[in-house]
Amino acid sequence: MVVEHQNKRRVIFHIDMNCFYASVEMAYDSDLKGKALAIAGNPEERKGIIVTSSYEARAKGVKTTMPLWQARRLCPELVVLRPNFDRYRSASKAMFKILSEITPIVQPVSIDEGYMDVTDCGPPEKAIELAENIQNRILHELDLPCSIGIAPNKFLAKMASDMKKPMGITVLRKRELSTTLWPLPIEEMYGVGNKTAEKLKKMEIHTIGDLAKKDVYELKQVLGINGERLNNRANGNDKRSVDPDAIYDFKSIGSSQTLPHDTIEEEEIKKLMVILATNVERRLKRKQAVGQSIQLMIRYADRKTITRSKKLQMFIEDKEDILYFAKELLELHWNEEPIRLLGITVQDIQEKQRIAKQLDLFTYEKEAQNEKVVYSY
Amino acid sequence: MKFIIQRDQLIASIQDVMKAISSRTVVPILTGMKIEVKQHGITLTGSDSDISIESYIPAEEDGNVNVEQIEEGSIVLQAKYFPDIVRKLPEKTVEIEADENLKVTIRSGKAEFNLNGQDAEEYPQLPKLQTDDSFELPTDLLKSLIKQTVFAVSTMETRPILTGVHIKLEEGNLTFTATDSHRLASREVPVSDSNTAFPSVVVPGKSLNELNKILDDTEEPVEISVTNNQILFRAKNLNFLSRLLDGNYPETSRLIPEQSKTVLYAKTKELLNTIDRASLLAKEERNNVVRLNTQGDHVINITGNSPEVGTVSEEIVVQSMEGEELKISFSSKYMIDALKAIEYEEVKVEFTGAMRPFIIRPANEDPILQLILPVRTF
């Protein structure tokens with residue numbers, strides 16, 4: 001039976017919520033519908049950055065990561081809201097609930113996108129109908145638009161959902177790749193970032209088709225194992241299965257934030273560290289997790305970025321501990337140049353209920369002492 | 001060499017001696033069993049060079065004749081075949097005969113086996129122990145001491161000394177102590193003839209396990225004596241010799257907490273059964289962890305939880321409880337082992353906090369001590 005399943009052509013959906021944060025705000029307050037809306041980290045600060053925006057705002061040239069002042073100049077009528085994560089999370093939960101009513105094989109990738117394996121949910125020729133149903137349910141029940149990509153694997157489904165927005169349904173068939181996927185510029189391929197695109201262009205690869213036809217050996221020379229992977233994907237091959245548990249394999253939880261202006265003021269830096277540690281603590285608590293490494297990221301005014309991490313003796317979860325070790329890293333590695341951005345990440349994450357450490361007769365006293373050092377801080 | 005022997009007697013002796021024989025040994029002749037025939041009786045010997053066992057069958061005992069038609073001599077027989085042959089022979093008596101070419105004939109009724117023997121001269125001499133520094137202990141007490149401690153030895157070779165039981169005789173008190181560093185078991189008994197100078201030694205847990213299997217539950221005395229690197233247990237018709245472990249046993253007494261913050265008294269069986277039930281949902285993956293919460297003066301709550309399977313919770317009413325409230329997690333396996341070793345109806349459990357060892361003793365203060373290190377959970 002397992003063999004049969006492997007050989008069977010799979011039908012994978014990639015559901016991608018359109019302008020998710022902005023759409024949720026519009027569903028929440030219908031007065032916002034049809035308006036140029038942006039969600040920005042810190043609307044009061046001049047340097048706040050656009051997290052996402054509605055299509056109406058995008059039409060005026062507003063883009064994600066754009067500073068607020070620039071967006072306002074392009075689109076003076078722009079309505080700006082602070083992000084309301086609780087709202088987005090509950091919308092996301094409701095969306096995934098609808099998906100999981102169709103099949104248990106749903107893999108959430110982030111708050112606003114996920115894969116479904118619908119191979120066993122009916123004949124392949126009915127797949128489009130099924131996608132329409134899902135799209136309509138999400139629209140009618142949650143008042144949220146989404147795009148759905150349909151393909152025989154995750155990579156193609158992801159590319160497909162990106163092709164028509166908003167409220168698109170796109171099918172990518174392997175035999176049609178030469179006309180659908182291959183003409184796309186290489187930057188648009190999922191998995192190709194700026195750096196990779198630069199390298200590929202140096203190899204005269206400008207479209208996904210160029211990549212598909214490129215010699216694997218040459219690609220590996222430049223990109224290592226990733227070169228082979230990208231070439232496979234460009235040819236429409238991706239064996240990854242839809243794994244409902246993948247979301248639980250989180251390895252790290254972090255938070256980073258740009259300062260309103262570059263600074264060497266210790267007070268300001270400390271204040272930001274507290275905010276970041278609090279964020280990380282909140283996320284850890286929500287996931288019922290603890291971590292055993294801590295990482296600090298410092299981006300300087302000249303955009304030079306360093307990350308430094310430390311493996312810890314014990315698991316941490318409280319903001320006091322997170323802050324204590326993050327500060328230790330800061331003191332050790334900050335070269336006193338002006339800082340633009342800071343990030344704190346707790347790594348080697350484990351779900352609390354999965355960890356248990358058997359104490360040792362000959363070392364338990366030391367362990368108890370370690371405990372004290374941290375809590376006395 | 002020749003003798004005729006009661007088959008049951010021979011089988012019993014063979015079974016004891018086989019405990020020391022291993023098919024994997026560096027000295028080839030040790031895969032065999034030595035049979036030594038004297039007018040007064042027969043001695044069987046097995047050894048894997050760590051443990052050596054001698055079992056003696058007297059020709060005559062309490063007026064019964066066990067062995068007859070004795071012609072003195074000795075031989076070594078393949079332990080792979082000899083025991084099975086004797087067990088399956090048809091009659092109540094067995095005749096064994098060896099000629100000068102080391103050919104051995106085993107007869108019983110109409111069955112006749114011809115085996116190739118080996119020269120007993122080539123079998124290593126067991127070290128002769130001086131028995132001046134020795135003391136005696138009733139067999140059943142020795143068995144108790146072993147059973148109450150040996151399960152706690154380490155099974156890992158990372159700290160070899162912990163794979164043994166520490167035996168110490170001081171000021172008329174004999175103490176057995178074993179720890180794998182996650183739990184510790186110890187028992188103390190007074191010894192009557194206590195003027196003996198007996199060095200503290202560490203006996204491999206494996207040796208004591210085998211010894212316990214061989215010894216009968218009687219009140220007859222076992223004589224224990226020690227040289228530099230060997231310990232001898234001498235019971236009636238049985239010598240059990242074991243190698244000792246080299247090295248210093250860690251000082252454990254100072255690691256045992258002297259004060260406690262929470263003390264509870266409970267029925268041993270009840271506590272054991274509750275933990276056993278909770279352990280059903282606390283398998284392997286997470287060290288068999290169960291959690292104990294105190295609830296008021298007379299109730300404790302035991303819970304188990306396997307993320308993928310489910311949870312279990314059970315309240316048990318204890319005899320009494322004093323001190324601070326407590327939430328502690330520990331290995332159900334260690335707790336079950338410890339409670340089984342208590343051997344009394346009521347136990348006293350003393351805690352000193354969720355991160356520190358706790359102690360389980362019989363409520364009547366008999367010096368059996370079981371100590372368990374908790375598991376740190378989040």
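Looking at (1) among the small types (G, A, S); (2) open to solvent by 40 Å² or more (accessible area, probe 1.4 Å); (3) under 20 Å from B:T45 (Cα atoms), which is the only condition B:A235 fails?
So the condition that B:A235 fails would be (2).
Could you list, in sequence order, all residues of the stretch B:245-257 that are of a type in the set (A, V, I, L, M) and either open to solvent by 10 Å² or more (accessible area, probe 1.4 Å) or farther than 26 Å from B:L373 by Cα (or both)?
Residues satisfying the conditions are B:L245, B:I256.
Tell me, which residue of the stretch B:178-207 that is open to solvent by 10 Å² or more (accessible area, probe 1.4 Å), part of a strand (DSSP E or B) and within 14 Å of chain A (Cβ to nearest Cβ) is farthest from B:S134 (Cα to Cα)?
Filtering the stretch B:178-207 for residues that are open to solvent by 10 Å² or more (accessible area, probe 1.4 Å), part of a strand (DSSP E or B) and within 14 Å of chain A (Cβ to nearest Cβ), the one farthest from B:S134 (Cα to Cα) comes out as B:R183.
How do the helices (runs of 4 or more DSSP H) wholly within the stretch A:151-221 filter down when requiring 3 or more residues that are of a type in the set (V, I, T) and either at pLDDT below 90 or touching a helix residue (DSSP H, G or I) at 6+ places or on another chain (Cβ under 7 Å) (or both): which remain?
none
Among the residues in the stretch B:52-71, are any open to solvent by less than 30 Å² (accessible area, probe 1.4 Å), assigned to a loop (DSSP other than H, G, I, E, B) and not polar (S, T, N, Q)?
Yes, some residue in the stretch B:52-71 is open to solvent by less than 30 Å² (accessible area, probe 1.4 Å), assigned to a loop (DSSP other than H, G, I, E, B) and not polar (S, T, N, Q).
Mind checking which pairs have a first residue in the stretch A:302-325 that is in a helix (DSSP H, G or I) and a second that is open to solvent by 40 Å² or more (accessible area, probe 1.4 Å) and at pLDDT below 85, Cβ under 9 Å, 6 or more apart or different chains?
Qualifying pairs under 9 Å: A:E320/A:Y375; A:E320/A:Y377; A:D321/A:Y375; A:D321/A:Y377; A:L323/A:Y377; A:Y324/A:Y377.
Residue under question is A:E331, and the condition is that it be more than 14 Å from every other protein chain (Cβ to nearest Cβ), farther than 30 Å from A:W182 by Cα, touching a residue at least 40 places away in the same chain (Cβ under 8 Å) and open to solvent by 60 Å² or more (accessible area, probe 1.4 Å); does it hold?
For A:E331, the condition - more than 14 Å from every other protein chain (Cβ to nearest Cβ), farther than 30 Å from A:W182 by Cα, touching a residue at least 40 places away in the same chain (Cβ under 8 Å) and open to solvent by 60 Å² or more (accessible area, probe 1.4 Å) - is not met.
Assess whether A:E228 counts as being under 30 Å from A:V280 (Cβ atoms) and free of Cβ contacts under 8 Å to residues at least 24 places away in the same chain.
no
Could you tell me whether the stretch B:133-142 includes any residue that is within 14 Å of another protein chain (Cβ to nearest Cβ), within 16 Å of the chain's Cα centre (by Cα), within 27 Å of B:E54 (Cα to Cα) and part of a strand (DSSP E or B)?
no
Among B:S242, B:S260, which is away from every other protein chain (no Cβ under 14 Å), open to solvent by less than 30 Å² (accessible area, probe 1.4 Å) and either at negative phi or not in a strand (DSSP E or B) (or both)?
Result of the check over B:S242, B:S260: B:S242.
Note down all Cβ pairs under 7 Å where the first residue falls in the stretch B:298-314 and is in the same structural domain as B:A266 (by TED's automatic domain parsing) and within 18 Å of B:V375 (Cβ to Cβ), the second is open to solvent by 50 Å² or more (accessible area, probe 1.4 Å) and among the basic types (K, R), and they're at least six residues apart or on different chains.
Cβ pairs passing all conditions: B:T303/B:R291; B:S306/B:K283; B:P307/A:R354; B:V312/B:R277.
Give the number of residues within the stretch A:47-71 that are more than 14 Å from A:K35 (Cα to Cα) and open to solvent by 40 Å² or more (accessible area, probe 1.4 Å).
Summing the residues that are more than 14 Å from A:K35 (Cα to Cα) and open to solvent by 40 Å² or more (accessible area, probe 1.4 Å) in the stretch A:47-71 gives 8.
Hey, B:R187 hits all of (1) modelled with pLDDT of 90 or more; (2) out of contact with any Leu (no Cβ under 6 Å at 6 or more places or on another chain) but one; which does it fall short on?
If we test B:R187 against (1) modelled with pLDDT of 90 or more; (2) out of contact with any Leu (no Cβ under 6 Å at 6 or more places or on another chain), just (2) comes out false.
Go through the stretch B:125-177 and count every residue that is open to solvent by 50 Å² or more (accessible area, probe 1.4 Å) and of a type in the set (A, V, I, L, M, F, W, C).
Here the count works out to 2.
Looking at B:R159, B:R107, B:R183, which one is of a type in the set (K, R) and either closer than 30 Å to B:I4 by Cβ or not assigned by TED's automatic domain parsing to the domain that holds B:T218 (or both)?
None of the other options fit; the residue is B:R107.
Please state which of the following conditions B:R291 fails to meet, knowing it meets all the rest: (1) more than 14 Å from every other protein chain (Cβ to nearest Cβ); (2) at pLDDT 90 or above.
Single failed check for B:R291: (1).
Just to check your reading of the model, which residue among A:A160, A:A127, A:A212 is over 25 Å from A:M17 (Cβ atoms) and of a type in the set (A, V, I, L, M)?
A:A212
For B:N228, state whether it is of a type in the set (S, T, N, Q), open to solvent by 90 Å² or more (accessible area, probe 1.4 Å) and within 14 Å of another protein chain (Cβ to nearest Cβ).
no
In the stretch B:210-225, how many residues are surrounded by fewer than 16 Cβ atoms within 10 Å (Cβ to Cβ) and assigned to a helix (DSSP H, G or I)?
Selection size over the stretch B:210-225: 2.
Considering each of B:E60, B:E68, B:E36 in turn, give the residue that is under 20 Å from B:N237 (Cβ atoms) and without any contact (Cβ under 8 Å) to a residue 40 or more places away in the chain.
B:E60 is the lone residue from the list that is under 20 Å from B:N237 (Cβ atoms) and without any contact (Cβ under 8 Å) to a residue 40 or more places away in the chain.
Count, please, the residues in the stretch B:343-378 that happen to be more than 24 Å from A:T363 (Cβ to Cβ) and crowded, with 22+ Cβ neighbours inside 10 Å.
Of the residues in that region, 2 qualify.
Might you let me know whether the stretch B:315-328 holds any residue that is out of contact with any helix residue (DSSP H, G or I) (no Cβ under 7 Å at 6 or more places or on another chain), under 26 Å from B:K143 (Cβ atoms), open to solvent by less than 30 Å² (accessible area, probe 1.4 Å) and touching a residue at least 24 places away in the same chain (Cβ under 8 Å)?
Within the stretch B:315-328 (the criterion being out of contact with any helix residue (DSSP H, G or I) (no Cβ under 7 Å at 6 or more places or on another chain), under 26 Å from B:K143 (Cβ atoms), open to solvent by less than 30 Å² (accessible area, probe 1.4 Å) and touching a residue at least 24 places away in the same chain (Cβ under 8 Å)), the answer is no, since none of the residues qualifies.
The values are calculated or read from the model by the stated rules, or taken from the named source; none is laboratory data. Please read these numbers as outputs of a predicted model, since none were measured by experiment. Note that we place each Cβ from the backbone using ideal geometry, even for glycine, and neighbour counts take in every protein chain shown. Keep in mind that these areas ignore ligands, DNA and RNA; they rest on the heavy atoms of the full protein, side chains included. Shrake-Rupley method; radii C 1.70, N 1.55, O 1.52, S 1.80 Å.
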